[in-house]
1. Under the classification rounded if a/c is under 1.5, otherwise prolate if a/b is larger than b/c and oblate if not, where does segment A:62-269 fall, given a ≥ b ≥ c as square roots of the Cα gyration tensor eigenvalues?
2. Which of B:Phe107, A:Phe172 comes first, and how do the rest follow, when ranked by fewest Cβ neighbours within 10 Å?
3. Which whole number gives the average count of other chain Cβ atoms within 10 Å of the Cβ atoms across peptide A:132-143?
4. Kindly write out, for segment B:213-229 in residue order, the coupling ³J(HN,Hα) from the Karplus curve 6.51 cos²θ - 1.76 cosθ + 1.60 (θ = phi - 60°), rounded to whole Hz, with x marking Gly and Pro.
5. Collect residues whose amide H, placed 1.01 Å from N in the peptide plane, falls under 5 Å from the amide H of A:Thr66; neighbours closer than 5 in sequence don't count.
6. Please report the relative contact order for chain B, taking Cα pairs under 8 Å with a sequence separation of at least 6, and give it as a percent rounded to a whole number.
7. Rounded, prolate or oblate for chain B? Axes are the square roots of the Cα gyration tensor eigenvalues, ordered a ≥ b ≥ c, and the cut-off for rounded is a/c under 1.5.
8. With axes computed from alpha carbons, what is the tilt in degrees of helix A:67-102 against the longest principal axis of chain A, rounded to the nearest 10 within 0 to 90?
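Where a number appears in this text, it was derived from the coordinates with a stated rule and is not lab data. Predicted, not measured: the structure shown is a model, and the values here were computed from it. Quick reminder, even Gly has a Cβ in these numbers, built from the backbone with ideal geometry, and neighbours come from all protein chains shown.
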Amino acid sequence: MKRKIKRIVEKPWFSSIIWILILIALWEVGAVVVSNTKRVPENILPHLHQILGAALSGKTVTADMTATQAVLSSAGLTLFRALLGFFLGAVIGFLFALLMKLSGVIEKMLFPYLMLIQLIPVLGLAPIVLAITGDINVSRVVIASILSFYPVATNTLAGFKSVEKEKYDLMFIYAAKPYYIYTKVLIPAALPYFFTGLKIAAPMAVTASILVDTLQGDGGLGCLLSQSLKHAMSIYVFWLIVFFSAFVGIIISKIIGWIEYGVSPWKRRA
Amino acid sequence: MEYEVKLKKVGRKKTLRQRIKENKSWQNLSTFIWPLVFGLIMIGLWQKEVLHSWFHTDTFTLPLLNKIGGIMGDIHEKLLENTISTVQVAFWGLLIGSLLGYLIAVFVAIFPKVGKGGLSVIGAFASVPVVAMAPVFNNWTKDVSTDAGFRSMVSKIIVVTLICAADMGLNAYRGLTEIKPYSEDLMAIYAAPKRVTLWKLRLPNSVPYVFTALKVSVPASIMTAIVSEYFAEYITGVGRQIRENIVLAQYSTAWAYIATACLIGVVAYIILMVLQSICLKRYH
C-alpha cells in the first residue's frame, strides 16, 4: 500500500494536480471571504460550484439560449475566425521564411522589418484595421493572421539557419538538387522551430479574435463578454467565458504539441 | 631594377556579380542598404497613395505620413502624458513579474519535485488570453483605492505581471537547470553545498536565459498594457486613446497614437539590447 502511494506521488503529473488543487482551495477561500464582505460577490469572485451550476442550469440568459449554449455558439463564431487567421498567418509565415532562406537579398531586406513588426503592438492596430477593412469578420482574420505570422516566420527562419554545415556538405557530395536539400534536410530541421512558433502564435490569435469582437456588437465571445460585464445578462456568462477562453488557450497549445508529435516520427523514437 | 610580379589566375574568371557579392565591405553595406530601399519604397507607396488603392481605403482612414507627423507635433503634451501612463504600467508589471517569475524558477530549481508541476501550471497562465484576465482584475481592485486612476493602474499592472512572470519563470528555470554536465560534476567534486552551487553556478548560468525571456516579455508587456487599457475603468494610456479616437472617427489622431505605441516598443527594445550587451559582456 505504502509503495503504491509512493509510486503515484512520483508520477510527473502528481505535483501538477497538487498545484491545481491548491489553486482551487485558494479560490474557494477567497470566495468565502468575498461573499462575507461584499454586497455583490458574484462580480468579484463567485464560488466555483456557482459557476459550474450556471454552466449546467437550463435557465435561459438570452431569448432562447442557456448560458452554455450562448457561450458555445458565439465561441464557434470567434474561434473559427481565429483559426482561419491562424492558419493563414502560419502558412504565410512559413512561406516568408522559405523565401528569405532562398534569397539573401530578400532576407536582408525584410528581416529588420520582421523584428520591427514584433515590437509594434498589433492589437493596438485592431480598431484601425476594422476601419480600413470595414468588415468585422475580415478584420478578425487579418489581425489574427498578422499576429501569428511573425512568431512563425522568425522561428522557422531560425530553424533553417540551425542546419549544420556538415549536412550541406553531405548533400553536396550526393549532388542533391536544391529541391531535395529543402525537402530532405532543411524543412525537417526547421519543423520543431516551426511548431514552437505555432505554440506562441495560437493563444495570441485567440486573444486577438476575442478583442476584435469587443469592438463591434456583432456576436462572438468578446461581444458576449462586454454585454455580460455591463449586466445586460447574467454575470456568470462572463465567468464562463473567462474559464472557456483560458481552457481554449491551454488546449490549443496541447493540440499543436500532439500534431507535432504526429508529424515528427524522430520524436516518437526517443 | 623593379620586377613586376604577375600572378596567373587559375580557373574561370569571376564575374563582376560574383566579385561584388564576395566583397566584404559590400556585404556590410548591403545589410543597411536593402532594408533602406524597402523602407523608402514603402514610404513612397504610402505618400503617393498607392497603398490606399491596394487596401481600397482613403486618406481619411489611412492619413499621409506627413499629416500624422504634424498631428504628433500638435498634441505632443497629451501624447507624453498618455505615454507615461502606458510605460508606467508596462514597466512596473515587467519588473514585478520578472522578479516573481525568477524567484519561482529558483524555488523550482531548489525543490524540483514539488515545483515542476507548479511550473506547468504557470505555463498554462501564459496561454490564458489577456482579454479574459483584464476584466477580472478590474473587479478585484475596486477596493484598492478611491482614486479610479490609481486602482485601474493597479489592475493593469497585475495583468502585465502575470504574463511576464510566466515567461520569465519558464525561461529562467531552463537557465538554472540546463548546465554543462562537467560544471555540475566539478561542483560535486569540490563538495560544494547546494547553496554555493546555486550562487556560483546556477545563477550566473541563467543570465543569458533571462535576456531571452526579456526579449519576448518586453514587447509582450507593452502589448498587454495596451490591451488591458481597453478594459480599464479610467480612460488613459496610448492604447485607450487609439480606441477612443477611432470611436470619434478621428483617424489621424488615432494614427498619431499608433505611431507613439510603435515608438515605445522600438525604444524599449533598444534599451534592452544596450543592457544586454553590457550585462553579457563577459559571456562573449
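1. Values: a/c = 3.51, a/b = 2.03, b/c = 1.73.
Prolate, because a/c is 1.5 or more and a/b exceeds b/c.
2. Values: B:Phe107 16, A:Phe172 10.
Result, fewest neighbours first: A:Phe172, B:Phe107.
3. On the way: counts 8, 4, 3, 0, 0, 0, 0, 0, 0, 0, 0, 0.
The shielding value for this peptide is 1.
4. Karplus values, whole Hz, x for Gly and Pro: 5, 5, 4, 7, 7, 5, x, 5, 5, 5, 4, 5, 4, 5, 5, 6, 5.
5. The answer is A:Val61.
6. Working: 294 pairs, mean separation 67.5, N = 284.
It rounds to 24 percent for chain B.
7. On the way: a/c = 2.84, a/b = 1.06, b/c = 2.69.
Since a/c reaches 1.5 but b/c is at least a/b, the shape of chain B is classed as oblate.
8. It is inclined by approximately 20 degrees.
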